[in-house]
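Q: I am attaching a structure below and will ask some questions about it afterwards.
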Amino acid sequence: MTMLNALQDAIKQLEAEKKEILKKIQKVAWKDDREEKQIIPEKSSIDDAFMLLGVTAEKRLLPNEISSLYQHWYSAGRTILEKNQPSRMAEFESAYAPSGKTPEDGIKRLTGERYVTKPQQFKLMDLIEVQFDIIAAVPTHLKYALHDVELTAYSILMDDEITAARHLLKNGFLRPSGAMVGVILERHLKNLLRKHTPPIKYKEKDALAALNDYCKEAIYDLITWRKIQHLIDLRNLCDHDKEREPTKTEVAELVDGVSAMIKTYN
């Protein structure tokens, strides 16, 4: 099992525990019969009317068990978020205990109340749902973060290989330099096709010209296609012994062109 799978399993467990907490709240207080979820109610106009009449809004007992269950859930969820996506910690904590000069009803305050009104209960439930939604999004964040790491490593590899090709060129090894850059170009075009949304299918044996054609359809325009086709022609000159010898100027143009291409389309 991968670390990402283990994390997803832990989040599923937190989801089950969250549902149990909300179920227990509704069992002792009000059943959530709202048509839409995730709407934190404003102060009820009915409550305002009660205040004008000197009548206190109905409140129901919130057992200590709710606070205890939530605190265990909160600690587990907070740890997952802190270790894997700390950039959203402030958002997570604002649902628990909003900051500000005047006290506001966050989860910490609401679970500390012995009695809650119906709007307070629904706000408590909605805030717990908000926290869970933040936690549930962590695997997606990690998936794309790993993708960024992969792209960074790929970029470093490309830079190193371009540098090696320039070194061969400088020392007069024209064909090897051009052949190396041709491999870089082929790998990069395939990577562009894989990264495209949706991915563009190609055959592993497809030649550079075919890959360039696929890219023309969805990734770059006709002008770029022509530039790359010219680079492919220079690469073929380096790869095919029966052709004339490539000049140093032509190989330099090939190296510079591929270098510019991978920086423009990445």
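All of the numbers you see were taken from the coordinates with simple rules; none came from a lab. A quick note: this is a predicted structure, and the numbers were derived from the prediction, not measured. Every residue, glycine as well, gets a Cβ built from its backbone with ideal geometry; the counts of neighbours run over all protein chains shown.
Q: What distance in nm lies between label points placed 7 Å from Cα along the C-beta direction at Thr163 and Glu15?
A: Roughly 4.5 nm, to one decimal.
Q: Along each principal axis of its Cα atoms, how long is region 123-266 end to end? Whole angstroms, biggest number first, please.
A: Extents along the principal axes, in whole Å: 77, 31, 25.
Q: Can you tell me how region 61-121 classifies by the Cα gyration tensor, rounded, prolate or oblate, using a/c under 1.5 as the rounded cut?
A: oblate
Q: In Å, the Kirkwood hydrodynamic radius of region 151-210 over pairs of distinct alpha carbons?
A: For region 151-210, the Kirkwood estimate is 12.7 Å.
Q: Determine which lysines satisfy two conditions relative to Lys24: a Cα distance under 29 Å, and not lying fewer than 8 residues away in the same chain.
A: Lys12, Lys37, Lys43, Lys59, Lys108, Lys118, Lys123
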